[in-house]
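**Q** Shown below is the structure under consideration.
Each value in this text was obtained by applying a stated rule to the coordinates, not by laboratory testing. Everything quoted here is computed from the prediction, not taken from an experiment. We place every Cβ from the backbone using ideal geometry, glycine too, and count neighbours over all the protein chains shown.
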Amino acid sequence: MILVTGATGTIGRHVLRQLADDTGPSAGAGGVRVLVRDPVRLDPAAARAAEVVTGDYGDEGALERALRGVRRALLVTTQVTGEHDVRFLDAARAAGVEQVVKLSAAAVTDPDADDLITAWQRRSEALLRDSGLEWTLLRPRSFMSNCLSWAPSVRSEQVVRALYGSSLNASVDPRDVAEVAVRALTEDGHGGRAHLLTGPEAISAAGQTAELARLLGVPLRLEELTAGQARAAMLRRYPEPVVEALLHSAQRQRAGAKAGVTSTVHDLTGRPARSFARWAEDHLDAFAVPATPAAR
């Protein structure tokens with residue numbers, strides 16, 4: 001039995017879909033289980049191939065039900081206190097889980113990354129390594145799908161707004177991260193390993209804007225935000241400590257800390273990591289600029 005947490009999130013939903021494709025509906029509920037707060041948000045086709053347990057990390061009974069009979073589990077947490085990691089790992093040990101595959105981040109490998117979010121990720125990794133369970137760490141660079149936050153302004157104004165528009169990031173397609181996760185959950189040989197995952201090249205917001213413009217066939221303008229403008233925009237969405245962590249991360253990117261490319265996706269899957277152009281082409285509908293009356 002494999003347990004997937006975070007099954008409605010950026011990585012977990014792709015993991016669940018890929019596992020469902022591998023097992024198929026004929027496998028019934030015996031192979032895959034999900035722990036989810038809101039089952040309505042699950043991909044319907046993928047959910048039909050899995051057993052669904054409704055609950056969260058704060059629900060001891062739900063954790064016990066979700067982990068019963070599980071051999072390997074994907075752990076995705078977002079609470080920077082680390083409390084969710086502690087609760088899950090305690091319950092996993094008690095249930096006899098053999099291996100936990102943990103979604104972390106590439107920033108943990110950068111000694112200059114000392115922000116709130118990276119410090120929490122390092123603590124979470126340490127909790128898993130010290131848990132006595134077999135572990136695998138997934139350390140992706142930024143997700144290409146973060147660009148979906150630009151979609152409203154692209155559609156309405158043909159504008160992309162970004163901080164440090166020329167800074168490079170070897171961002172990765174979430175589907176590639178999910179495929180590595182699925183391999184770690186279904187294959188032997190990943191125990192005690194940390195997989196640093198990037199795309200095939202480092203690209204800037206300016207480069208991503210140009211690629212989207214080419215694919216859409218419309219001119220797009222990059223409007224570079226100041227640090228103050230970016231802070232104000234983020235504060236409308238996140239608490240101040242998180243905003244400061246994100247700004248620190250952006251400064252490290254500006255200094256070149258996120259431009260390194262790895263071959264890990266290719267090494268583990270046997271095919272090259274997807275490019276940003278491929279990701280954008282597959283998600284172009286989200287950015288499609290409405291046609292003008294004259295063009296209809």
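**Q** Please compute the modelled spin-label separation between HIS266 and ALA210, points set 7 Å along Cα→Cβ, answer in nm with one decimal.
**A** Placing both labels 7 Å beyond Cα along the Cβ direction yields 2.2 nm.
**Q** In the stretch 109-155, how does Rg compare with the Kirkwood Rh, expressed as the Rg/Rh ratio over alpha carbon atoms?
**A** Radius of gyration relative to Kirkwood radius: 1.16.
**Q** Please list the radius of gyration and Dmax for the stretch 95-212, considering alpha-carbon atoms only, with Å as the unit.
**A** Values for the stretch 95-212 (Cα only, Rg and Dmax): 16.9, 54 Å.
**Q** Sort all Cα-Cα distances of the stretch 172-296 into consecutive 10 angstrom bins from zero, then give the percent of pairs in each bin up to the one containing the longest distance.
**A** Each 10 Å bin holds this share of Cα pairs: 11, 28, 34, 21, 6, 1.
**Q** Of the candidates ALA107, ALA73, ALA119, which one comes out as most mobile in a Gaussian network treatment of the chain with C-alpha springs shorter than 10 Å?
**A** Maximum among the listed residues: ALA119.
**Q** Suppose R0 equals 41 Å; then what is the FRET efficiency for SER153 and ARG71 from their Cβ-Cβ distance, rounded to the nearest 0.05?
**A** 0.35
**Q** Sorted from largest to smallest, which semi-axis lengths in Å does the alpha carbon gyration tensor of the chain give for its equivalent ellipsoid, taking the root of 5 times each eigenvalue?
**A** One finds semi-axes of 33, 23, 18 Å for the chain.
**Q** Efficiency by 1/(1 + (r/R0)^6): what FRET value for ALA227 and ALA119, r their Cβ-Cβ distance, R0 = 25 Å, to the nearest 0.05?
**A** 0.70
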